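In what follows, a structure is listed as structure tokens, so that the remarks can point back to it.
The values are calculated or read from the model by the stated rules, or taken from the named source; none is laboratory data. Computed from a predicted structure; not experimentally measured. Every residue, glycine among them, receives a Cβ derived from its backbone with ideal geometry; neighbour counts consider all protein chains shown.
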Amino acid sequence: MSGMLAPEVLVLGGTGAVGQGIVAALLEAGSPVLVVGRDPARLAALQDQFADEPGLETLLGSLGDDGSARTVAERLLLRRRTLAAVVDAMGGPYNRGRVTDRSGDALLQALQADVMPHVHAGRHLLPLLRAGKQARRYVLVGGPAGYKPWAGHGESSITMSTTRMYAQVLHQEAQALGVRAQMLEVCNPVCTPANAANACIEWPSALLVGRRVVSLLDNCTDNRAIVRCDARDAELPRGLLHLDWPPPTSRDTAGAA
């Protein structure tokens, strides 16, 4: 071995209910994971939750504005590990209420809070993946409110559909950088400890969503901008997550010829 460290997967929103399932699935698949978050207490709780996993690291930082996202990217460039992939699972709770009962300023604030962090992340983190010699992945995680209106949650439908369109634009623009950018669209609400008592049988668990993310990262040939995750995707990942590591040596390459 050359002493180089295996590439890591960066998870944004890894302290959330769905993000924790993604972190668990990546660690289960044998990948080093770096979680960036802005809440020190939640990052510490995540470390405690996976205290027996040496592959997990956390980094305090925010994607809430362009300057903060640039700072995160600069700190990532100083790390010894290179990035194999970025998983953007940022998102907040669904906001109840009628859109027609809320002011335009309130909707603008929701777009700023729910959509712009994805834009800031894409702007500053996508170029970090371009430096890789192997194919790199950028995965956004979307929800069911992004492709159909939810009664009583119109604001979330608007912000999620905006993020969905952003993911499609990012998919096209990332190709020029040699990066595959996709959205994993979760077609039902995710079953979490908070809603388990009222969850429907078809709702996927957070761990299942995480395993679907692993399948996208693991040499997936599906290059659609939007890939759906529903009850049919319950199959577990086969083996470890292969992130083109270790890199083939010249001897390996010659032997394969």
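Some notes on this structure:
- Neighbours by Cβ (under 6 Å, 6+ apart or cross-chain): first from the stretch 144-163, surrounded by fewer than 19 Cβ atoms within 10 Å (Cβ to Cβ); second modelled with pLDDT of 90 or more: PRO149/SER157; TRP150/SER157; THR162/VAL115
- Every condition in (1) part of a loop (DSSP other than H, G, I, E, B); (2) hydroxyl-bearing (Ser, Thr, Tyr); (3) modelled with pLDDT of 85 or more is met by THR221 except one, and the failing one is (3).
- Residue in the stretch 201-210 that is modelled with pLDDT under 80 and either assigned to a loop (DSSP other than H, G, I, E, B) or among the hydroxyl-bearing types (Ser, Thr, Tyr) (or both) present: no
- Comparison of ARG102, ARG136, ARG81 shows that the only residue that is among the basic types (Lys, Arg), buried (at least 20 other Cβ atoms within 10 Å of the Cβ) and modelled with pLDDT under 95 is ARG136.
- Taken over the stretch 1-39, the criterion of being part of a loop (DSSP other than H, G, I, E, B) and either among the hydrophobic types (A, V, I, L, M, F, W, C) or touching an Asp or Glu at 6+ places or on another chain (Cβ under 9 Å) (or both) is satisfied by MET1, MET4, LEU5, ALA6, PRO7, GLY13, THR15, ALA29, SER31, PRO32.
- So LEU140, is it assigned to a strand (DSSP E or B), within 27 Å of ALA24 (Cα to Cα) and touching a His at 6+ places or on another chain (Cβ under 7 Å): yes
- Selection within the stretch 139-170 - at pLDDT 95 or above and basic (Lys, Arg): ARG164
- Qualifying residues in the stretch 86-99 (those that are modelled with pLDDT under 95 and closer than 21 Å to GLY122 by Cβ) - the one surrounded by the fewest Cβ atoms within 10 Å (Cβ to Cβ): GLY92
- Filter result for ARG42 (in a helix (DSSP H, G or I), more than 24 Å from HIS171 (Cα to Cα) and out of contact with any strand residue (DSSP E or B) (no Cβ under 9 Å at 6 or more places or on another chain)): yes
- When ALA85, ALA121 are checked against the criterion of being in a strand (DSSP E or B) and of a type outside the set (Lys, Arg), ALA85 stands alone in meeting it.
- If you filter the stretch 175-192 down to residues that are more than 14 Å from the chain's Cα centre (by Cα) and buried (at least 21 other Cβ atoms within 10 Å of the Cβ), you find that the one that is nearest to MET116 (Cα to Cα) is VAL179.
- Every condition in (1) modelled with pLDDT under 95; (2) aliphatic (A, V, I, L, M); (3) surrounded by fewer than 20 Cβ atoms within 10 Å (Cβ to Cβ); (4) within 24 Å of PRO189 (Cβ to Cβ) holds for LEU108 except the one numbered (4).
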